[in-house]
4 protein chains.
Amino acid sequence: MTDRAYDILLMGRSSIDLYANEIGAPFHEIKNFAAYVGGCPTNISVGTRRLGLRSVLLTAVGEDPVGDFVLYFLEQEGVVHKFIPRKKDKRTSAVILGIEPPDKFPLVFYRDNCADIELNIEDVLAAPIADSHMLLISGTGLSREPSRSATIFAAELARAAGTKVVLDLDFRPDQWPDARAFGVTIRSVLSLVDVVLGTADEVKAGALLEDVSVTVEHSQVSGARVSGDLLKAVKAILGAGPEALALKRGGEGTTVYLASGDMIDAATFPVEVFNVLGAGDAFASGFLYGYRKGWDWYRSARMGNACGAIVVTRHGCANFMPYEQEALTFIEERGGF
Amino acid sequence: MTDRAYDILLMGRSSIDLYANEIGAPFHEIKNFAAYVGGCPTNISVGTRRLGLRSVLLTAVGEDPVGDFVLYFLEQEGVVHKFIPRKKDKRTSAVILGIEPPDKFPLVFYRDNCADIELNIEDVLAAPIADSHMLLISGTGLSREPSRSATIFAAELARAAGTKVVLDLDFRPDQWPDARAFGVTIRSVLSLVDVVLGTADEVKAGALLEDVSVTVEHSQVSGARVSGDLLKAVKAILGAGPEALALKRGGEGTTVYLASGDMIDAATFPVEVFNVLGAGDAFASGFLYGYRKGWDWYRSARMGNACGAIVVTRHGCANFMPYEQEALTFIEERGGF
Amino acid sequence: MTDRAYDILLMGRSSIDLYANEIGAPFHEIKNFAAYVGGCPTNISVGTRRLGLRSVLLTAVGEDPVGDFVLYFLEQEGVVHKFIPRKKDKRTSAVILGIEPPDKFPLVFYRDNCADIELNIEDVLAAPIADSHMLLISGTGLSREPSRSATIFAAELARAAGTKVVLDLDFRPDQWPDARAFGVTIRSVLSLVDVVLGTADEVKAGALLEDVSVTVEHSQVSGARVSGDLLKAVKAILGAGPEALALKRGGEGTTVYLASGDMIDAATFPVEVFNVLGAGDAFASGFLYGYRKGWDWYRSARMGNACGAIVVTRHGCANFMPYEQEALTFIEERGGF
Amino acid sequence: MTDRAYDILLMGRSSIDLYANEIGAPFHEIKNFAAYVGGCPTNISVGTRRLGLRSVLLTAVGEDPVGDFVLYFLEQEGVVHKFIPRKKDKRTSAVILGIEPPDKFPLVFYRDNCADIELNIEDVLAAPIADSHMLLISGTGLSREPSRSATIFAAELARAAGTKVVLDLDFRPDQWPDARAFGVTIRSVLSLVDVVLGTADEVKAGALLEDVSVTVEHSQVSGARVSGDLLKAVKAILGAGPEALALKRGGEGTTVYLASGDMIDAATFPVEVFNVLGAGDAFASGFLYGYRKGWDWYRSARMGNACGAIVVTRHGCANFMPYEQEALTFIEERGGF
């Protein structure tokens, strides 16, 4: 497989992310926003690229200056963006985010008529799935048509080509007509997936058929609270096909559950939390870096934890992803893997 | 399982079906239409009911006189309709059909803003899935949200309750934004399905990842032509979960393919074809009648063939489904099973 | 003006109209429907054509067999249909109608995603407005975009070209997001109109700013009941521009109100009512025939009444419009104008 | 009329406006945005309030933090906001703007599924139109339903109550399905309007029936270029009802055209241009301040010019509107009215 042109192809949403510059201010008092590029698969495309992987992004942008903004950033970062279509009469996504540590990070999605959800089967057929070692898809990419069918189709092609499929659950309740439709859709795709990434809430929302209630606090805050039995959920997911599920537990580290029944805990690196937005995508970048290198689950998870820890001390996400040497040094300085 | 209240719960579309009274006339010269009730799962609900099964239908209609028309017919037929919601500001579906034997049956779907595609997870939770022996879902019910998620959710609940899941592929190309999305969606649900019903074209459209081209002749004619290798398609479907696939071959009878690799041919009963519309649903009714009774695949398929043969000699569909004794006599008169 | 190629250009909706063959049956018991062509401007195009006017219709149909049905009928009738666009991915309208004399005529509109509401400014620019003596527009054509702007634009072009503008109020409450938006829109176009046609309910719905309540009986029955002061409404309309308002009073004849303050009553011709649907369009045909011929208001209204009276004794509408000699004989036999 | 509670009620759009902090940078290189409140009627509500008028705003926001942001600002400014509905499942508008003097001000509207276009007739009935001396409506408020009908209805109520109606043409080509529909709609409302505000391009787009072509440079730049004869356009508008049209000519001052045929030129105050966005709304604020005070057209226009001149030297719009004394001093220091 060493002759494949790309290490990872990432498919899904992108946006201009506008982060409040006034940390701790209530949203209505914010006076300035810093402009970054964001969106789960987009963040991970930059994160993996900075760690040295050959990353290619399959998102879509509109024919507007915000689309230029996104593409210009990818160009600067060295992420391959030539497969990204510009969708006529559609709008590049935007997200406006407040930062009120420790636990309120209100965000407002501008995703109506958005370009990236228009990714279709033609766009997938034009992308180099068989020429990539991994394909990353995300939950939000499954929320609406035509992106949903296109995303599942991409996973089918990946399977057929021996490309590993990674699913970032990326659960955004307000992007679904019914929060329970998230689980229905996730479960319908699991048989095509090798590795699942998610938080405890996302895992429960994705796996549990019954007794699930989804609560969203602080108007569209990034994390929904989901009730239910986590271990039952983990088991349900692994029973449906994937070899591993990396459970992102924030300050408590990462647990990798395997289909074999094994479970690997990887502690986090203690840092002062400034902004949790994007930490999960930083983790994914480090974790998939290790996965691609053939590292074991523990080492991969520790690499992910390091990348996550670095990003929570910073303002934004994609623009603040650590580089390979930076992450390795960070780990070394804290006692190594 | 004898204590379940219903033999079969059928979920999906319904409509007023307007069939040309002038047989053979080009569509633009038609002067009168007969009004029947139609839609794949609705037809089968009537067909199985006439054969003696306790059938319950989960479709949706609008708050309009056409909705009254559909419900009144179900009431007369004895199909349980109390779980059918009326969707505010939505329209009961309509289909207008021309009849130009032997091979042109142009039809025009009025399914924009239609009520039955609004079936949602709440509607499914209110329906007696665990109290039915079988659940029938259909391809068109998977074509759009919220019906798609609701339909998959129903199949999940059925699985959990030990209710057999039957999938009628019911491929209507114009109901899908991209004909290839049909296959993507069908494949994503197969792991929940016990029995699949379909024509050769539908099986190919549902199963084949590559080298499939879909051609629709005669503006929205009921059957699309799909290229590709049929046996490869059958194998792909049975490899994904179902125990059996009943291939409806029209005048050439039925072949039941089993996951075990076995294959059972059941010849048809020769009749003069008047109108093929609805023959497949009549087959499904007879076939599922046998399946519910615990008959073997051959006998079930012959019963289906008999029902189909009876209906092709008649004008419409649901209104012309044979009764149990009628079908058994028909078979007996032609030499028996 | 005698060198203009057409007498009247009619703009707006068209449909296949399916009329119950069982007269008096409740809707849910109907077994057969006769298929005609319908829609206010379409009906009047046929009605005026049969009376001898050179009529051209600007509606739109889909790329479906129902569109063929509409165009084929227009061709047979000699209505000029070459300016009618076929709208891709849109559906030709359909209406299903029950007939329960004397006062219930339930109808169900299939106008979601319909072709005729897609008429746009380009279609108007391609139509021979300046080459017609009259332009007829209708209320339903103003209900949604892009047809609304296109219809007003057509009236503007007519004004600029010296083409008389006739507005048939054609109030269908369920075609408007808010019934009060009908009045707002009608009033915004009145300054471009020469002659208004409508029933008392339509006139009140169109004119009254306050104290109007709209009631729709018998689910989508053709006539809404509107409260309010009729004479105040007539005055408001005539104060906004038109020279005349022809008030269709059904069995009580017609009253033509003039901007000058004059008022002309024209008695009806007594007949036995079979089906009121389409009577208003028959009236419009006769009335505009007289208007085009330069007849006085009384004689024109009597001609309209005759055409209306003939059609209420028949089953449908466009297909049953009287021919010129037929209408004149009808009047003569009843004592003349 | 001195007993009316409000001087001016402004109806239409609102948004969070994100202005580039890097002046002159190409859009894709912008790193920070300042967050203000914007939208033509919203800007003028703040501008008139700062000049001392009792202003009430009728816009709509979503149930999101950006809606809080807008309402909080209005509260601080003393603009009456209690009639503003929050629209469920709709999004408060956002605009992202680059600043590249002297002539490029690219902006990206996030107005899909936006709350303010959902203003409806009920919202208008709840607003104090008869209790205000003036009603300001804007072109963008007429671009889509239900806001369009609601806006015209508001003008009708204002007319009936003796409230002066001011129309800011506010032409945003990308908010209309067809740029020509803007003119059709503007013309259909002119009979209800007392005073029109607009640029030469807006006046031509609104008035001219023929020979108009609309060109938008620099992807969504604020000003479209419109061809055609300006004086003919002015005459057409004044012939349709308004008593005056204030033509905003930017650096060349203002010309007020009257229905009487008179024309008043008011020179501008020379300043160095920093950012033209919002200058027109500042002009409107000053001009309407004079109009409300009963000043003559020249003095009102000069007051408007002063406010506009002050704002072009500043970064944003609503947040930078001058206060009464500030504007009067500015004029005095430059030689007075």
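The values are calculated or read from the model by the stated rules, or taken from the named source; none is laboratory data. No experiment lies behind these values; they were computed from the predicted model shown. Don't worry about glycine lacking a Cβ; one is built from the backbone with ideal geometry, like all the others, and counts go over all protein chains shown. The protein model used for the area step is the full one, side chains on, heavy atoms only, and it has no ligands, DNA or RNA in it. Shrake-Rupley method; radii C 1.70, N 1.55, O 1.52, S 1.80 Å.
Between A:L157, A:L136, A:L245, the GNM of chain A built on Cα springs shorter than 10 angstrom shows A:L157 fluctuating the most. For the protein assembly as shown, the spread of Cα coordinates along the three principal axes comes to 89, 88, 48 Å, biggest extent given first. Shown for D:Y298: label points 7 Å from Cα along the beta-carbon vector, and their distances to the equivalent points in the other copies, 6.1, 9.0, 10.8 nm in ascending order. When the alpha-carbon atoms of segment B:141-240 are used, the pair Rg, Dmax equals 13.4, 43 angstrom. Across the protein chains, with a 1.4 Å probe defining accessible surface, the residues A:L125, A:L209 rank A:L125, A:L209 from largest area downward.
Modelled spin-label separation between A:D265 and B:Y72, with each label point placed 7 Å from Cα along the Cα-to-Cβ direction: 6.9 nm.
Spatial offset of segment A:1-65 relative to segment B:297-337 amounts to 60 Å, using the alpha carbon center of each.
Please tell me the relative contact order of chain D in percent, rounded to the nearest whole number, where contacts are Cα pairs under 8 Å and at least six residues apart.
The normalised contact order for chain D reaches 16 percent.
A viscosity of 1.002 mPa s and a temperature of 20 °C, combined with the Kirkwood radius over C-alpha pairs in the Stokes-Einstein formula, give segment B:210-315 a diffusion coefficient of 145 µm²/s. Each other copy holds its own label point for B:L231; taking that point as 7 Å from Cα along Cα to Cβ, the gaps run 4.9, 8.6, 8.9 nm, nearest first. For segment C:168-195, a reduction of at least 50 Å² in accessible area between the chain on its own and the assembled protein chains (probe 1.4 Å) is found at C:R180, C:V184, C:S188. Computed over the protein assembly as shown, the per-residue total of -39500 (n - 2.57) for DSSP H runs of n ≥ 4 gives a 222 nm mean residue ellipticity of -10500 deg cm²/dmol, rounded to 500. The Kirkwood radius of segment A:21-99, taken over pairs of alpha-carbon atoms, gives through the Stokes-Einstein law at 10 °C and 1.306 mPa s a diffusion coefficient of 115 µm² s⁻¹. Surface composition of the protein assembly as shown: carbon plus sulfur atoms hold 50% of the accessible area, using a 1.4 angstrom probe and ignoring ligands, DNA and RNA. The Rg/Rh ratio for segment C:106-190, using Cα coordinates for both the radius of gyration and the Kirkwood hydrodynamic radius, is 0.98.
With the contact rule set at Cα under 8 Å and sequence spacing of 6 or more, what percent relative contact order holds for segment C:212-337?
18 percent.
Once the 1.4 Å probe is applied to the protein heavy atoms, segment A:1-160 comes out at 28 Å² accessible per residue.
Translational D (Stokes-Einstein, µm²/s) of chain B at 20 °C and 1.002 mPa s when Rh comes from the Kirkwood sum over C-alpha pairs?
It diffuses with D of about 110 µm²/s by this estimate.
Summed over both chains, the accessible area lost when A and B associate is about 1800 Å², using a 1.4 Å probe. Phi angles of segment C:269-274 translate, via the Karplus equation with coefficients 6.51, -1.76, 1.60 and θ = phi - 60°, into HN-Hα couplings of 9, x, 9, 8, 7, 10 Hz per residue; Gly and Pro are given as x.
Result for chain C in a Gaussian network model with C-alpha springs under 10 Å: among C:A259, C:A205, C:A158, the largest mean-square fluctuation is at C:A259.
Starting from the Cα gyration tensor of segment C:1-133, take the square roots of the eigenvalues, sort them a ≥ b ≥ c, and report rounded, prolate or oblate (rounded when a/c is under 1.5, otherwise prolate if a/b is larger than b/c, else oblate). Prolate, because a/c is 1.5 or more and a/b exceeds b/c. Model label sites at B:V273 and C:R86, defined 7 Å from Cα along the beta-carbon direction, differ in position by 2.6 nm.
Measuring heavy-atom accessible area with a 1.4 angstrom probe and counting protein chains only, the residues of segment A:83-109 that give up at least 30 Å² relative to the chain alone are A:R91, A:I96, A:V108.
Near B:A200: Cβ cut-off under 13 Å, other residues only, Lys/Arg at +1 and Asp/Glu at -1. The net charge is +1.
The phi torsions of segment C:21-26, fed into the Karplus equation with coefficients 6.51, -1.76 and 1.60 and a -60° offset, translate into couplings of 7, 8, 6, x, 6, x Hz, rounded to whole numbers, with Gly and Pro shown as x. Extending 7 Å from Cα along the Cβ direction at B:E324 and again at C:K104 yields two label points whose distance is 3.7 nm. Computed on the Cα trace of segment C:271-337, the radius of gyration divided by the Kirkwood hydrodynamic radius gives Rg/Rh = 0.95.
For segment D:168-218, the average shadow cast by the Cα convex hull is 3.7 nm², which is a quarter of the hull's surface. Taking B:G39, B:G278, B:G52 as the candidate residues, the one with maximal mean-square fluctuation in a Gaussian network model of chain B, Cα springs under 10 Å, is B:G52.
For segment D:1-94, the relative contact order is 32 percent, taking Cα pairs closer than 8 Å that sit 6 or more residues apart in sequence and dividing their mean separation by the residue count. Here segment A:83-242 is treated with +1 on each Lys and Arg Cβ and -1 on each Asp and Glu Cβ, and its dipole about the Cα centre works out to around 160 debye. Among residues of chain A, the one whose Cβ lies closest to the rotation axis carrying chain A onto chain C, together with that distance rounded to whole Å, is A:D89, 8.
FRET efficiency for the pair D:E29 and D:E332, taken as 1/(1 + (r/R0)^6) with r the Cβ-Cβ distance and R0 = 35 Å, rounds to 0.25.
Here segment A:93-150 is treated as an ellipsoid with the same Cα gyration tensor; its semi-axes, largest first and in whole Å, are 29, 15, 9. Inter-chain Cβ neighbour count for B:155-166, averaged per residue, equals 1 (cutoff 10 Å, partner chain atoms only). Here the Karplus curve 6.51 cos²θ - 1.76 cosθ + 1.60, taken at θ = phi - 60°, turns the phi angles of segment C:109-120 into couplings of 8, 10, 10, 6, 6, 7, 5, 5, 6, 8, 4, 10 Hz, with x standing for Gly and Pro.
Here A:D89 yields copy-to-copy label distances, from shortest upward, of 0.7, 2.3, 2.3 nm, the label point defined as 7 Å from Cα along Cα to C-beta.
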